[in-house]
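Visitor: What follows is a single structure, and I will ask about it in a moment.
Readers should treat all values here as calculations from the given coordinates under stated rules, not as data from a laboratory. This structure is a prediction, so every number in the text was calculated from the model and none was measured. No Cβ is skipped: glycine too gets one built from the backbone with ideal geometry, and neighbour counts run over all protein chains shown.
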Amino acid sequence: MSALINDETIWYLVRSSGTVAYLFMAASTIWGLIVSSKFLKEVVPGQLSLAMHNYLSWNAIGLTILHAVLLLFSGYMDYSVVNLLVPFTGPYNPFWVGLGIIGLYLSILTTLTFYIRSRIGYKTFHLLHYLTYGAFVLSLLHSWFAGTDTAVLQITYLVTGLLVFFLTVYRVLMALTDRKALTPQQA
């Protein structure tokens, strides 16, 4: 068994869990933008859309936590629990890893707000949910600058980053258009 679970195996698990966590984070962000832009309103029922968004978010969080915990067992890097919980204290690229830790905290916060929407009100829920943009950007920066597979994943990072950017611009423009349509015309 110890021949299977060695430093190299753990290192591959660290890298792969981080990569898949990022993909789930990107998918959750993209899905949230698609749902809030009402692209699929007629195709996918609202409850299913929200369940899918929640599923993607929790998978991103779970795999990110796995990614971090596996670093405790890696012989290639010397991380402690404190390094994984306190941003900017780790032995490897502390700034970029620290941004990833903050991104995880923001992801957890915004995902947990799903369960307390009725208590905090829709307006507060909506405002807190804007932190998702920060979580995504921090995850992207962490992946790009601290990830050891960036050369292979650069196109993935570019495509997902640009997709989130353009969907966000579309969402903002649609909100402005809707707001103008609701404003009475002045004579």
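Visitor: Using the per-residue mean of other Cβ atoms lying within 10 Å as a proxy for protection, in what order, highest first, do the peptides 122-133, 65-76 fall?
Guide: 65-76, 122-133
Visitor: Among all helices in the chain defined by DSSP H, which have a length of 20 Å or more along the axis from Cα atoms plus a Kyte-Doolittle mean of at least 0.5?
Guide: 7-36, 46-71, 94-112, 131-146, 150-182
Visitor: Please report the spacing between the Cα centers of the range 132-159 and the range 95-121 in Å, no decimals.
Guide: Between the Cα centres of the range 132-159 and the range 95-121 lies a distance of 18 Å.
Visitor: Please work out the FRET efficiency for the pair residue 145 and residue 172, using the Cβ-Cβ distance as r and a Förster radius of 35 Å; give the result to the nearest 0.05.
Guide: Plugging the Cβ-Cβ distance into 1/(1 + (r/R0)^6) gives 0.85.
Visitor: Express in nm, to one decimal, how much length is gained between residue 44 and residue 12 on full extension, taking 0.36 nm for each residue of separation and deducting their alpha carbon distance.
Guide: 7.9 nm
Visitor: Still on this structure, please answer the following. Given contacts defined as C-alpha pairs under 8 Å and at least six residues apart, what's the relative contact order of the chain, whole-number percent?
Guide: 24 percent
Visitor: Which label marks the calculated value of Rg/Rh (Cα atoms, Kirkwood Rh), given the options [x] 1.01; [y] 1.05; [z] 0.99?
Guide: Computed from these coordinates, Rg/Rh (Cα atoms, Kirkwood Rh) corresponds to label [y].
Visitor: Give, as a single signed number, the net charge of other residues whose beta carbon lies under 15 Å from the beta carbon of residue 73, with Lys and Arg counted +1 and Asp and Glu -1.
Guide: Surrounding charge for residue 73 is -2.
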